[in-house]
Each structure stands twice: as C-alpha cells, then as structure tokens.
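First comes the structure, then the notes that go with it.
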Amino acid sequence: MHAAPSGIGRMRQWVSTLVALVLLPLLVPTPSAAQELSLSGFIKAENIYDTRQVAQVREGQFALFPLPRDIDAATGQDLNATDNLLFATFQSRLALTGSGTEVLGAQLSGTIEADFFGAINSDVSEFRLRHAFVKLNWTQHELLLGQYWSPLFTTAVYPGVINFTTGAPFQPFARFPQIRYTYKPGALRIMALVSQQRDAFAEIGGSKLQQQSGLPAAHLHVQRVQGESTIGVGTYLKHVRPSLTSDRFSAYAVQGYAKTNLGERLQLRAKATYGNDLTDHLMTGGFVTNTDGGHSCLYLASGWLDVTTTSQPLAVGLFGGYLVNLGSNEDIDADAIVASHTRTSGMQNLWRVAPRVTYTVGKLRFAAELEATTALYTNNFTDRLRPDALSSDESVTNVRGLFAAYYFF
C-alpha cells in the first residue's frame, strides 16, 4: 500500500499538473509543413449510484462486481448491502498525436494520452499516463513500440458500454508496454507482439512477478477485416516467477471474437475468453503456491454479447456477460497451500445485463446506463479448487445507475 500524500505533497502534485498543462503548447515544437500535431480528448462528468458495495477502485468509479455478504455479528445485517453515490470528472482525458512524417519508407506517428484517474487510489484526480507509443506504418506492415492496449482487449471488438470498466471482468482490460508487429495482406491482420505488465495490470502481488521471470509475455492474433465486419482469434502466453528463489511457470489464454452489422442500423459484437491467471487483465482467478514449491493456476471462461443501434443522434444498446471460475486442472490439497495470489477465488459465477442509451449532438453527448451484476459466492470447493456452491448459498446483486455528459474536442 502507498501512503496518502500530505497536504503539501498534494498541493505540489496539483501545481505540477497545472504547470504541465499550461506549458504543454509552449513545449511542443512548431510543426514543419509535413508534420501535424493535434490535441484531442474529452471532458466527462458522470454520476453513479450503486445499490450495494462493490469491488472497486477510485472511490467506486471503476467497479467490477458486487462484494459478498459481510454479516455483522451484533445485528445480523449484511454490511455490504449498503448503497453508494459518486459524482466524478476524473475520467476526463487529453491526447497529443503527431503525424505526417515519412521515415524509412513508412508513415511515422506517435501518441501520448493521459487522464486524471490517478495511478493508485490515494492519487485520484492526479494526471497519469494511459498510452504512449511510436508507430511506423508501411502499406502491408506496421510496427508499434510503447504502451498500448493488450490484444486481448481487442480495439476492433469491445463493448460499447458507458461504464469505464468497458465490460470487465467479462472483457479483458489491460494496457501494457509492448513491441507489436502487424502484417496486413489484404483483409487479413496478423499481429505478433511481446509485452510486460505495468501499473494495475499485473499479477496479484505486482508486476515484479513477471519482471523477475526474465521473459516477456507473447501474443499472437489473426483477424479478418471486411468493411465494418471483423472476426478474429488470439492467444496469450506469459511467464511468472513469484519469488527470486522459486521456479518460473507459465499461464495462457485463448480468445475468439467477432463484430458485424445486422442491416443498416444494428451492430453486433461478441467475444469469448478461456485461460488461467488472468488477473493482469482485471479478471478473476490467479494462482496458488503449494508447500512443495509448485504453483497451480486457476482457470476461467467468460463471454459477452453487445448489440447497439448505429443511428444518430439517439442510439440504444444492450450488453450481456457471463463468467465462471473453473478452478485448477489438477487436484490440490487445500491444507498444502502456503500462498494465494488470487482474485475472488470463492466466486463461482458472475453475470451482467446492462441496457444503455446515448444522445449525441455534434461534440456533446448525454449517456445513461442501468447495469445489473449478480455474483454467486461460496466457501465450498472441489478437490481442484473449483467453487462449488451449496443450496444454502445465495447470490448477491448490485444495480448501478449511471448518467454521464461528454464534451469531445
């Protein structure tokens, strides 16, 4: 945990951020005739109400799922069955993009993007880096170096929800420093890259668990893009060393996804993911360490479907997602577990339904979403650490109401 900054420290952070914003236009060199620089982003003011306490960060703005029951011994009441309200603007965003230069026969561009989300809970409203990358784009080849979305997020196919989680934990959500190569022959996209964990997108225990493995993660995706339609599959392989004296082990994921238009006014998007130890993508699972020094990864399967109208200015959409924890693929003696790097290992399954509506006029947008998320928790497990709910176990549900206003520039 990081200590919260003092009043003087927070004042210095605010002054540094303000100075950076004021001086940014002066520090950027005047572009040549061939080079173009553009500043873009948005202001987002959102109002959020939850009927229950949720697993979350940044005062509840980024919420994943409802928390299990926490029964007060004195009153018998569920302490987590308490509502919560948040008004926030710290998701507002700035991006600076440079383009228009040719180098090595490729179009050279670069983007740096930041918002006010903060890197940790105590830094909420502080300026933090989201993306920073250099891109070389040839006719059939593309090279990207820097921090950008993980391919499991899939920028071509992700939900159109209003919630900042963008469908997590059903949808993998992570940004990694990476080296990415894409081959683009015709309608095909073949993407290969190596990456490393960073910030919140890391193992339970921190990004050092991957760093001290001495190996990067590897990704391979193949997509077919035809007009507004995309279909693709992908794989992910990473290596983890929990301590400097432990053995290195690997974890993986596979994925399939698609996007297509149904007629002129309806778009369908879908994705399915299966894998283990996907906590670095803000999903459930993780791994446990046994007394013999071995490590056992926990698996999950998830899927989501998103349908939206493409009409303007009024558009409506519906998101549905389901996730199930599958435990390990080997028998585990629970008494032999000496360390657990897991997220919600006691959650058997999770599902969500979220209708939304947006109204966009020029650079102004109003958006409203109602998100119902239900989780089934249990203290009972199979021999492979798969949650096995009893008839006495009851699910918990959170209903989130969200209203947001955007100004894009």
Scan the range 53-68 for residues that are closer than 21 Å to Asn325 by Cα and either free of Cβ contacts under 8 Å to residues at least 60 places away in the same chain or surrounded by fewer than 16 Cβ atoms within 10 Å (Cβ to Cβ) (or both) and report the count.
-> 1
Go through (1) under 29 Å from Leu370 (Cα atoms); (2) among the charged types (D, E, K, R); (3) open to solvent by 40 Å² or more (accessible area, probe 1.4 Å); (4) not in a loop (DSSP other than H, G, I, E, B) one by one and return the number of the condition Glu102 breaks.
-> (1)
Tally of residues being open to solvent by 30 Å² or more (accessible area, probe 1.4 Å) and not aromatic (Phe, Trp, Tyr) across the range 76-99 = 15
Residue in the range 185-198 that is in contact with a helix residue (DSSP H, G or I) (Cβ under 8 Å, 6 or more places away or on another chain) and either open to solvent by less than 60 Å² (accessible area, probe 1.4 Å) or outside any loop (DSSP other than H, G, I, E, B) (or both) present = yes
Specify the residue that is farthest from Ser345 (Cα to Cα); the eligible residues are those in the range 55-98 that are assigned to a strand (DSSP E or B) and not hydrophobic (A, V, I, L, M, F, W, C).
-> Gly98
Return the pairs, sorted by first residue and then second, in which the second residue is small (Gly, Ala, Ser) and open to solvent by 40 Å² or more (accessible area, probe 1.4 Å), the first residue lies in the range 332-361 and is in a strand (DSSP E or B), the beta carbons are less than 6 Å apart, and the residues are 6+ apart or on different chains.
-> His341/Gly205
Which residues, counting only those in the range 367-409, are under 25 Å from the mean Cα position of the chain (by Cα) and without any contact (Cβ under 8 Å) to a residue 40 or more places away in the chain?
-> Leu370, Ala372, Leu376, Ser395
Inside the range 218-255, the number of residues satisfying the requirement of being surrounded by fewer than 17 Cβ atoms within 10 Å (Cβ to Cβ), touching a strand residue (DSSP E or B) at 6+ places or on another chain (Cβ under 6 Å) and of a type in the set (Gly, Ala, Ser) is 3
Which listed residue is modelled with pLDDT under 95 and either more than 30 Å from Ala405 (Cβ to Cβ) or not basic (Lys, Arg) (or both), from Ala81, Ala74, Ala106 | Ala74
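The values are calculated or read from the model by the stated rules, or taken from the named source; none is laboratory data. Just so you know, these numbers come straight off a predicted model, no measurement behind them. With ideal geometry, Cβ positions are generated from the backbone for all residues, glycine too; neighbour counts draw on all protein chains shown. These area figures cover heavy atoms from the full protein model, side chains too; ligands, DNA and RNA do not enter into them. Shrake-Rupley method; radii C 1.70, N 1.55, O 1.52, S 1.80 Å.
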